[in-house]
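Enquirer: Just passing along the structure, written as structure tokens.
The values are calculated or read from the model by the stated rules, or taken from the named source; none is laboratory data. All values derive from a computational prediction rather than experimental measurement. Using ideal geometry, Cβ is built from the backbone for each residue, glycine included, and neighbour counts are taken over all protein chains shown.
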Amino acid sequence: MPRQVRIEYEGALYHVMARGNRRNRIFASPDGADEELFLKTLGECCERTGFRIWAWVLMGNHYHLLVETPSANLVDGMGWLQNAYTRRFNSRHREWGRLFGDRYKSVLVESGGSGGDLYLRTLLDYIHLNPVRAGLVPSESFAGLLDYPWSSLARAYSVGPKARDPWMAALEGLALFQCEDRAADRRHFVERLEERMKAEAAEKCGLSEIAGQTLQSTLRKGWYWGGEAFKESLLEKLEQLKGGDLPVAKDFRSSDQARDHALRDGEKILAEAALHFGLGDGRTEAFKTLPRGDLRRVAVAWTLCRRTSLKQRWIADRIGLGTGDNVSAQVRKLSARSLKELPPEVRAWMKRFL
């Protein structure tokens, strides 16, 4: 799977998920000792890093966390958490080697913004309803959500402040649903989820789609859970990271982050080119209407190939060059020509990117 750059900033919120190596269990003790060990280790991690946990659930061969990082240190904190738990798990079970599979998945989550806290509320419910989708609740072992002991619903949101771990952000989580930290509101918080469990089919319980973005697909394959404005702000941060000394993995170019970043850069170049060539404000299909062989269109294709990782098929469709092969051929011909041979406006445009 293509590697995504971890975007870190103060106050960021992440959905973090990790599975056992080859989907093996990471909580293997029948008496819950492994789960307690993980929670103890998570607490130590929060002490070291300042992490605040809004929600969590432990699910046999994987876990989900909703993590806030006041100090922009997700990578350091998660590295310590998984390494420390692996060592402790292996010591308890007299095992060795990797406990977790691929690197943990982290998805940035929007809070506030134009959509309010809709994305955050949806994710909080998704985490707490995980045992329902897994078929663990309701069952002979766990009749209701509170009977499942390995989630923050049972261990934090349904109990008073003195009974919960100090690293839990349950007060803020309750406030998302207009609940105060008192017995009646905590009971209402649980009852609302119980009603949702009964109303929704188990396999889809807690899943949502907001503005065309599906939660389950986003958490599996995406890199952010939020609106367009939130994505734009993250792409700005990614631009700053790529412009610095951050080492970028070779396979980053094919990641979702890279594709979104490339599309953003591509549309920006098209807008600038439209203004440069007097074709409008860049929000039109102006380049598609140019005559066949017009060097202005080829110069834009040359720039997109030079400055972005966009596929040639996308470039061909966007500016009217037919096929990706034609883009390649036209750009190659243009690159072979001397700048002195080109029309002044094309020459001036290309000089900006040399």
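Enquirer: Can you find a residue in the range 101-113 that is within 27 Å of the chain's Cα centre (by Cα), in the same structural domain as Gly20 (by TED's automatic domain parsing), small (Gly, Ala, Ser) and farther than 25 Å from Gln4 by Cβ?
Expert: The answer is no, given that none of the residues of the range 101-113 is within 27 Å of the chain's Cα centre (by Cα), in the same structural domain as Gly20 (by TED's automatic domain parsing), small (Gly, Ala, Ser) and farther than 25 Å from Gln4 by Cβ.
Enquirer: Can you name the residue in the range 209-226 that is touching a strand residue (DSSP E or B) at 6+ places or on another chain (Cβ under 8 Å) and part of a loop (DSSP other than H, G, I, E, B) and is also farthest from Val107 (Cα to Cα) among such residues?
Expert: By that ranking, first place goes to Gly226.
Enquirer: Picking from Ala156, Ala184, Ala175, which residue would you name as being within 18 Å of Val16 (Cβ to Cβ) and part of a helix (DSSP H, G or I)? Can you show your working first?
Expert: Numbers: Ala184 fails: within 18 Å of Val16 (Cβ to Cβ); Ala175 fails: within 18 Å of Val16 (Cβ to Cβ).
After ruling out the rest, the residue left standing is Ala156.
Enquirer: Oh, and also: List the number of the failed condition for Ala201; all other conditions in (1) under 21 Å from the mean Cα position of the chain (by Cα); (2) at pLDDT below 95; (3) of a type in the set (A, V, I, L, M, F, W, C) hold.
Expert: Checking Ala201 against (1) under 21 Å from the mean Cα position of the chain (by Cα); (2) at pLDDT below 95; (3) of a type in the set (A, V, I, L, M, F, W, C), the one that fails is (1).
Enquirer: May I ask you to list the residues in the range 32-50 that are under 18 Å from Leu74 (Cβ atoms) and acidic (Asp, Glu)?
Expert: Listed by number, the residues that qualify are Glu44, Glu47.
Enquirer: Quick one: what pairs do we get from the range 64-75, first residue surrounded by fewer than 23 Cβ atoms within 10 Å (Cβ to Cβ), second of a type in the set (S, T, N, Q), C-beta under 6 Å, 6+ apart or different chains?
Expert: Asn73/Thr49
Enquirer: Condition (residue is closer than 30 Å to Gly222 by Cα, without any contact (Cβ under 8 Å) to a residue 24 or more places away in the chain, outside any helix (DSSP H, G or I) and not acidic (Asp, Glu)) applied to the range 333-346: is it met by at least one residue?
Expert: no
Enquirer: Here's another thing I want to ask about it. Can you say whether Leu279 is part of a loop (DSSP other than H, G, I, E, B) and either touching a Cys at 6+ places or on another chain (Cβ under 7 Å) or more than 30 Å from Ser233 (Cβ to Cβ) (or both), as far as the supplied structure shows? Step through it out loud before you land on a result.
Expert: Numbers: part of a loop (DSSP other than H, G, I, E, B): yes; either touching a Cys at 6+ places or on another chain (Cβ under 7 Å) or more than 30 Å from Ser233 (Cβ to Cβ) (or both): no.
So Leu279 fails the test.
Enquirer: Go through (1) at pLDDT 95 or above; (2) assigned to a loop (DSSP other than H, G, I, E, B) and name the single condition Ala55 misses.
Expert: (2)
Enquirer: Return the total of residues in the range 237-262 being within 21 Å of His15 (Cβ to Cβ) and either modelled with pLDDT of 70 or more or in a helix (DSSP H, G or I) (or both).
Expert: The total comes to 10.
Enquirer: Name the single residue, out of those in the range 26-43 being in contact (Cβ under 8 Å) with a residue 24 or more places away in the chain and exposed (fewer than 14 other Cβ atoms within 10 Å of the Cβ), that is farthest from Tyr119 (Cα to Cα).
Expert: Here is the first cut: in the range 26-43, the ones in contact (Cβ under 8 Å) with a residue 24 or more places away in the chain are 26-29, 32-35, 37-39, 41-43.
Right, trim to exposed (fewer than 14 other Cβ atoms within 10 Å of the Cβ) and you get 32-33.
Working: Gly32: 32, Ala33: 33 Å.
In this case the residue turns out to be Ala33.
Enquirer: Taking the residues in the range 159-172 that are more than 26 Å from the chain's Cα centre (by Cα) and part of a helix (DSSP H, G or I) as candidates, determine which candidate is nearest to Leu39 (Cα to Cα).
Expert: Our first condition is that a residue be more than 26 Å from the chain's Cα centre (by Cα); within the range 159-172, this holds for 159-166.
Applying the additional criterion that residues be part of a helix (DSSP H, G or I) yields 161-163.
Values: Pro161: 17, Lys162: 17, Ala163: 14 Å.
Ranking the candidates gives Ala163 first.
Enquirer: Answer yes if at least one residue in the range 6-22 is over 28 Å from Arg133 (Cα atoms), assigned to a loop (DSSP other than H, G, I, E, B) and of a type in the set (Asp, Glu), and no otherwise. Walk me through it before giving the result.
Expert: Of all residues in the range 6-22, those over 28 Å from Arg133 (Cα atoms) come to 6-11.
From what is left, the residues that are assigned to a loop (DSSP other than H, G, I, E, B) are 6-11.
Subset that is of a type in the set (Asp, Glu): 8, 10.
Yes, the range 6-22 contains a residue that is over 28 Å from Arg133 (Cα atoms), assigned to a loop (DSSP other than H, G, I, E, B) and of a type in the set (Asp, Glu).
Enquirer: Let me ask you something else. Check Gly77 against each of (1) in contact with a Ser or Thr (Cβ under 7 Å, 6 or more places away or on another chain); (2) in a helix (DSSP H, G or I); (3) over 28 Å from Arg259 (Cβ atoms) and name the one condition it does not meet.
Expert: Condition (3) is where Gly77 drops out.
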